[in-house]
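Novice: Supplied in structure tokens, the structure appears directly below.
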Amino acid sequence: MKRKIISALLALTMVISMTACGGGSGADSNSGDTAADAGAGDAAADAGSADAAADTGSGAEEAAPVEGGSADENTLTVWTWDPNFNIYAIQKAAEIYAQDHEGFKVEVSEVQSDDIETRITTAVAAGDLSTLPDIFLMQDNSFQKYATNYPDVFTELTSVGIDFSQFSAAKVAYSTLDGKNYGIPFDNGAVINCMRTDYLEQAGYTIDDFTDITWSDYMEKAKVVLEKTGQPILTSQAGSPDLIMMMLQSCGSSLFKEDGSVNIDGNAELKQIMEIYVQMVKDGTLVEVTDWDQYIASLNNGTTVSALNGCWIMASVTVAEDQSGKWAITNMPKLDGASNATNYSNNGGSSWAISSNCQKVDLAVDFMNSTFAGSNALYDDVISKGALATWAPAGESEAYNQPVEFFGNDAIYAKIVEFATHTPSNITGAFYYDARDAVGVAVSNICQQGADIDSEIKTAQETVEFNMGG
Amino acid sequence: MMSKGKKFFMYAFLTIFSLLSIFPLYYMLCAATNKSIDVIAGKLIPGTYLIENYKSLIANQNLGLALWNSFRNSFILTILCLLVCSIAGYGFEIYHDKGKDAVFTVLLTAMMIPFAAVMIPMFRMFSTLNMVNTMAAFMLPSISTPFMIMMFRQASRSFPHDIIEAARIDGLSELAIFFRMFFPTMRSTYAAAMTIVFMNAWNNYLWPKVILMTNESITMPMLVANLLGGYTVDYGMLMLGVFICTIPTAIVFFCLQKSFAEGITGAVK
Amino acid sequence: MSGSSKKGFTLQQKHGLTGWVFLTPAVLLICWTSFYPMIQAFILSLKTGMGVNLSFSGFSNYARILKDPTFKQTLFNTFFYLIIQVPIMLVLALILASLLNNKQLRFKGLFRTCIFLPCATSLVSYAMIFRSLFANDGFVNTVLRGFGMNPVMWFANAWTARAVIIIALIWRWTGYNMVFYLSGLQNIEYSVYEAARIDGASPMQTFFKITVPLLKPTILLTTITSTNGTLQLFDESLNLTNGGPGKSTMTMSHYIYNTSFVQSPNFGYAAAMSIIILILVAILAILQMKVGDER
């Protein structure tokens, strides 16, 4: 009797493990098949992994880590996230590169930016980098965090022949640590002030009245606009520090000092900026909305006069086709009295990185150098998806100087590339998220709970220092 | 019988509760049939943009593959989980003694630690075993869950002991009693458990995203996440994706609810 | 059958052994995929350092918790949700289940499916819908205005934001818990209810004297899982309010996740906080087992 049960259970466990493993090998052989019929658009990212796993047999950690990379000599694996943006761009780049390099292709896995970060963090913490792809895209805001904590994840690109001077300096700074380059800049996050000209007209202004101005001027005009049109000049996502960060970067100030120490308490520009923000909320010229969807809605529904954000916001603005011709683009206001203040800043954007798991570094570098760091054709093409270059030569091409109907027939692309060249650098560092978040919490407490500005700034400083002390 | 007033109150209560509950589904349906810009404007009337949303969805994402993977994964996982957990729950309750009760209490702690904390050790474990990107690595952590074991343990408490005794006298083995007596009698528990396990398996996101890194293993929640990832979100397409992702669980529930909510009185006797 | 027992086990012992065999696969799997990583997490909690450069530092991470105002805030938030939401949700689920267990009720299947649907709804849409419902010019405020009341900036105030989270939780999980009660009710003989009715017991009396005591094992199950679920609450905090305004709605799990994957990673500290959650849930579960698991 007992034996019967045990044998039944044994059989059961065997069935379980077989089903489970069977499923596994099934998935792998699938990918093998896909890889076999090469050229099929989005071929398997793990084409190599099945083979590699079989070859290396035991000791995944010691063995040459090639699992995530592709086994094919002419194929690079990529993790990136938006089919209409960066996935399109890398596939276009591969197409261009393949014209001179027969058989070259990229295998793209669509992975959300948060998930790319989670996977990298998990892989590094587990001590197994073999699952990483050859190339991945990373948000600029996170880049320093990874470069500082896990430099081993990246292939250093300082002296591989990429001319970083052709990119905007502020952009390159995001992926540079201690003078070493870890990333190839991709899309532009230059801040634009995107305004509804029909509202401005009602208030008696033109877009020129908002070009090269200061915040005090802007705040006064905003009141007039509110009075005449009934609409706030800006909307902002409650609790999000984005606007504050843009303003801070525009005057060359950062949340960290050169030596990496926190620069929140005692940062005169930051306090001035927070006061502007709070004042505008009080004036009703800046309305806080609950979340990102509401923010986009305010742009599309005409419940705000302008969007002050990274230039990628244009893609969301242009969704409202009926508003074509009613928008114009200019630069952002600059901070009064700050010595390094400019009308230019940055928000968002991302950079390509070549992972340390890449076995074909030469190929990957050459690919990047011939495309994202050297192809006008690529940048001229991806402009259709709203991806703007930070590679300066791109701005000179004809495509960038085309008038855009939606924005009043202005040659906005060349304008934005030019904005990017004026943007001051921002010191981010490993704790950039922590610091941004602390500032966001402070602003939210001040605006929404009526907390005292000085004590909130002090708390923010302490929070970041606490996190750094761990 | 119930008075008219009470009856009215009961129906009113249930109707209001039901309407509140399905409102989001209605919202999804409206959103899935409208253009992104109308969705964001808060339009709450079904539109005519369904076909276009569907076209852009299948152009952007491998919907068929994601549906198939989700179905296959959830199905296999549900069967394995029910098998392993129900027999364990039965074992804990029917043969309970001090030792087993103690083991059970210890087992319970396995569900009490946040997943974020065990994810990295778990990944390390499977990567050492060379099991990254295998279905086994994806499923093993969810096959045996203290929650399901407890569900069957608690449900076994109402399983009449005299049936077991009678079966033993009839010469049935202990395993046969489980399969031939317990299994059919507890259909309602199995149906309820199946609904829950299927739903959890279907919606599982974080672990598969980390352990299954190939394009071939995309599941519905991953597909929905992909729709949310870009600089611009097409809300119509997103909501259609979400809607398609919700329907299977709803169907599973609808098909099973009769078996767990309208009993099978008589099967025991 | 009992005669084949060669080693002379008593029947009792044999059954005890059979029981162990029955639960072995499940227990082994849990040990392998849960306890082993948990022990690793505990070891991690004794280490400090950034990124991958970790070194042993005794209990310094635990000492750090005591000095962390964010952890205290998230601890408070989480317990607040637990104390308000779990009882309301479970009572509501119990009432709905016993109403829907009524044999005379029409459209039972429809009602049940509707009430269950919220928990099947994908998190993405549910969070989006709740945020838009409670937005400043959202549906809820429109209704409030219609009744002549002042609109509420739901997400701008700590207490109203917490209220939204609780409402969302109740909305999402009541139907889920109802499933357990419904299935538990099927194991109660309908004749018991018949008898009670003949004896002239009011529905109230039937509910408290028959339904609740007989459902006790199921109530224990749902209490423990809801307690556990609430103390590990993550999705709502992240997707509905993102912890805001400030950190006034952030949960412990959300903070742990941020510490590992969003902020500059501090795995040792995240692990230490997770162990604290484990201990808290375990204490509550043991208490609940003591009270509710008598046979």
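Novice: Just to check your reading of the model, which residue among C:PHE147, C:PHE111 is modelled with pLDDT of 85 or more and either among the acidic types (Asp, Glu) or buried (at least 16 other Cβ atoms within 10 Å of the Cβ) (or both)? Full working, then the answer.
Specialist: Values: C:PHE147 fails: either among the acidic types (Asp, Glu) or buried (at least 16 other Cβ atoms within 10 Å of the Cβ) (or both).
Among C:PHE147, C:PHE111, only C:PHE111 is modelled with pLDDT of 85 or more and either among the acidic types (Asp, Glu) or buried (at least 16 other Cβ atoms within 10 Å of the Cβ) (or both).
Novice: Okay, next question. Take residues that are within 8 Å of chain B (Cβ to nearest Cβ) and on the phi < 0 side of the Ramachandran plot and tell me which of the helices (runs of 4 or more DSSP H) falling wholly in region C:17-101 contain 1 or more.
Specialist: C:36-45, C:69-100
Novice: OK, next. Among the residues of region A:150-161, write down those that are in contact (Cβ under 8 Å) with a residue 60 or more places away in the chain and either of a type in the set (Gly, Ala, Ser) or surrounded by fewer than 20 Cβ atoms within 10 Å (Cβ to Cβ) (or both).
Specialist: A:ASP152, A:THR155, A:VAL160, A:GLY161
Novice: Let me ask something else. Hey, among A:TYR174, A:TYR146, which residue is crowded, with 24+ Cβ neighbours inside 10 Å and more than 30 Å from B:THR219 (Cβ to Cβ)?
Specialist: Just a single option satisfies the conditions, and that option is A:TYR174.
Novice: Can you tell me how many residues within region A:245-273 are outside any loop (DSSP other than H, G, I, E, B) and either crowded, with 23+ Cβ neighbours inside 10 Å or touching a strand residue (DSSP E or B) at 6+ places or on another chain (Cβ under 9 Å) (or both)?
Specialist: Of the residues in region A:245-273, 10 are outside any loop (DSSP other than H, G, I, E, B) and either crowded, with 23+ Cβ neighbours inside 10 Å or touching a strand residue (DSSP E or B) at 6+ places or on another chain (Cβ under 9 Å) (or both).
Novice: Now for a separate question. Report yes if some residue within region C:149-169 is without any contact (Cβ under 8 Å) to a residue 60 or more places away in the chain, facing chain B (nearest Cβ under 9 Å) and outside any helix (DSSP H, G or I); otherwise report no.
Specialist: no
Quick grid of which residues meet (1) buried (at least 23 other Cβ atoms within 10 Å of the Cβ); (2) charged (D, E, K, R); (3) within 27 Å of B:ASN73 (Cβ to Cβ):
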position	(1), (2), (3)
B:ILE113	yes, no, yes
B:MET139	yes, no, yes
B:ILE143	yes, no, yes
B:MET148	yes, no, yes
B:ALA167	no, no, no
B:GLY171	no, no, no
B:LEU175	no, no, no
B:ASN215	no, no, yes
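Novice: Can you pull out every residue in region C:115-134 that is in contact (Cβ under 8 Å) with a residue 24 or more places away in the chain and either at the interface with chain B (Cβ under 7 Å from one of its Cβ atoms) or under 21 Å from the mean Cα position of the chain (by Cα) (or both)? First the steps, then the outcome.
Specialist: Step one: of region C:115-134, the residues in contact (Cβ under 8 Å) with a residue 24 or more places away in the chain are C:115-119, C:121, C:123-124, C:126-127, C:130-131, C:134.
C:ILE115, C:PHE116, C:LEU117, C:PRO118, C:CYS119, C:THR121, C:LEU123, C:VAL124, C:TYR126, C:ALA127, C:PHE130 - these are the residues of region C:115-134 that are in contact (Cβ under 8 Å) with a residue 24 or more places away in the chain and either at the interface with chain B (Cβ under 7 Å from one of its Cβ atoms) or under 21 Å from the mean Cα position of the chain (by Cα) (or both).
Novice: Residue check: is A:ASN301 buried (at least 24 other Cβ atoms within 10 Å of the Cβ) and not assigned by TED's automatic domain parsing to the domain that holds A:GLN144?
Specialist: So A:ASN301 fails the test.
Novice: Answer yes if at least one residue in region A:331-340 is farther than 29 Å from A:HIS422 by Cα, away from chain B (no Cβ under 14 Å), over 25 Å from the mean Cα position of the chain (by Cα) and in contact (Cβ under 8 Å) with a residue 12 or more places away in the chain, and no otherwise. Don't jump to the end; show me each part of the working.
Specialist: At the first step, the residues of region A:331-340 found to be farther than 29 Å from A:HIS422 by Cα are none.
No, because not a single residue in region A:331-340 is farther than 29 Å from A:HIS422 by Cα, away from chain B (no Cβ under 14 Å), over 25 Å from the mean Cα position of the chain (by Cα) and in contact (Cβ under 8 Å) with a residue 12 or more places away in the chain.
Novice: Does C:ALA135 satisfy the condition of being in contact with a strand residue (DSSP E or B) (Cβ under 9 Å, 6 or more places away or on another chain), surrounded by 21 or more Cβ atoms within 10 Å (Cβ to Cβ) and either under 27 Å from B:THR189 (Cβ atoms) or not charged (D, E, K, R) (or both)?
Specialist: It is true that C:ALA135 is in contact with a strand residue (DSSP E or B) (Cβ under 9 Å, 6 or more places away or on another chain), surrounded by 21 or more Cβ atoms within 10 Å (Cβ to Cβ) and either under 27 Å from B:THR189 (Cβ atoms) or not charged (D, E, K, R) (or both).
Novice: Only one residue in B:LEU77, B:LEU29, B:LEU44, B:LEU19 is over 20 Å from B:VAL242 (Cα atoms) and within 13 Å of chain C (Cβ to nearest Cβ), so which one is that? Let's see the steps before the verdict.
Specialist: Numbers: B:LEU29 fails: over 20 Å from B:VAL242 (Cα atoms); B:LEU44 fails: over 20 Å from B:VAL242 (Cα atoms); B:LEU19 fails: over 20 Å from B:VAL242 (Cα atoms).
The unique qualifying residue is B:LEU77.
Novice: Tell me the residue from B:ASN204, B:ASN130 that is of a type in the set (S, T, N, Q) and over 19 Å from B:VAL84 (Cβ atoms), please. Full working, then the answer.
Specialist: Values: B:ASN204 fails: over 19 Å from B:VAL84 (Cβ atoms).
Residue meeting the stated conditions: B:ASN130.
Novice: Follow-up question, since we're still on this one. Can you name the number of the only condition in (1) more than 14 Å from chain C (Cβ to nearest Cβ); (2) under 28 Å from A:CYS251 (Cα atoms); (3) not charged (D, E, K, R) that A:GLY161 fails?
Specialist: It fails just one condition, (2).
Novice: Moving to a separate point now. If you go through region C:60-76, how many residues are touching a residue at least 60 places away in the same chain (Cβ under 8 Å) and out of contact with any helix residue (DSSP H, G or I) (no Cβ under 7 Å at 6 or more places or on another chain)?
Specialist: Residues of region C:60-76 that are touching a residue at least 60 places away in the same chain (Cβ under 8 Å), as a first pass: C:61-62, C:64-65, C:70-71, C:73-75.
Then keep just the ones that are out of contact with any helix residue (DSSP H, G or I) (no Cβ under 7 Å at 6 or more places or on another chain); that gives C:73.
Qualifying residue count for the region: 1.
Novice: Does B:SER70 meet the test of being assigned to a helix (DSSP H, G or I), within 20 Å of the chain's Cα centre (by Cα) and more than 7 Å from chain C (Cβ to nearest Cβ)?
Specialist: Yes: the conditions hold for B:SER70.
Novice: Would you check which residues across region C:265-280 are buried (at least 24 other Cβ atoms within 10 Å of the Cβ) and either under 15 Å from the mean Cα position of the chain (by Cα) or hydroxyl-bearing (Ser, Thr, Tyr) (or both) and list them?
Specialist: If the condition is that a residue be buried (at least 24 other Cβ atoms within 10 Å of the Cβ) and either under 15 Å from the mean Cα position of the chain (by Cα) or hydroxyl-bearing (Ser, Thr, Tyr) (or both), then C:TYR269, C:SER274 are the ones that fit.
Novice: What are the residues in region A:190-242 that are of a type in the set (A, V, I, L, M, F, W, C), in contact with an Asp or Glu (Cβ under 9 Å, 6 or more places away or on another chain), touching a residue at least 40 places away in the same chain (Cβ under 8 Å) and in a loop (DSSP other than H, G, I, E, B), if any?
Specialist: Answer for region A:190-242, where residues must be of a type in the set (A, V, I, L, M, F, W, C), in contact with an Asp or Glu (Cβ under 9 Å, 6 or more places away or on another chain), touching a residue at least 40 places away in the same chain (Cβ under 8 Å) and in a loop (DSSP other than H, G, I, E, B): just A:ALA238.
Novice: Something else now. Suppose we filter region A:385-414 for residues that are touching a Pro at 6+ places or on another chain (Cβ under 9 Å) and either part of a helix (DSSP H, G or I) or aromatic (Phe, Trp, Tyr) (or both); how many remain? Step through it out loud before you land on a result.
Specialist: Initially, region A:385-414 is screened for residues touching a Pro at 6+ places or on another chain (Cβ under 9 Å), giving A:389-391, A:409-412.
Filter again for either part of a helix (DSSP H, G or I) or aromatic (Phe, Trp, Tyr) (or both), leaving A:391, A:412.
Here the count works out to 2.
Novice: Within region A:56-79, can one find any residue that is modelled with pLDDT of 90 or more, within 30 Å of C:GLY268 (Cα to Cα) and not charged (D, E, K, R)?
Specialist: yes
Novice: In the set C:PRO245, C:PRO265, C:PRO217, which member is at the interface with another protein chain (Cβ under 7 Å from one of its Cβ atoms), part of a helix (DSSP H, G or I) and of a type outside the set (Lys, Arg)? Quick ask: steps written out before the conclusion?
Specialist: Details: C:PRO245 fails: part of a helix (DSSP H, G or I); C:PRO265 fails: part of a helix (DSSP H, G or I).
It is C:PRO217.
Novice: For region A:331-343, what are the residues that are out of contact with any Cys (no Cβ under 8 Å at 6 or more places or on another chain), surrounded by fewer than 23 Cβ atoms within 10 Å (Cβ to Cβ) and either assigned to a helix (DSSP H, G or I) or modelled with pLDDT of 90 or more (or both)?
Specialist: A:ASP336, A:ASN343
Novice: A further question follows. Taking region C:109-134 as the region of interest, how many residues are of a type in the set (Val, Ile, Thr) and in a loop (DSSP other than H, G, I, E, B)?
Specialist: 1
The values are calculated or read from the model by the stated rules, or taken from the named source; none is laboratory data. Small disclaimer: the values here were computed from a predicted structure and weren't measured. All Cβ positions, glycine included, derive from the backbone under ideal geometry; neighbour counts span all protein chains shown.
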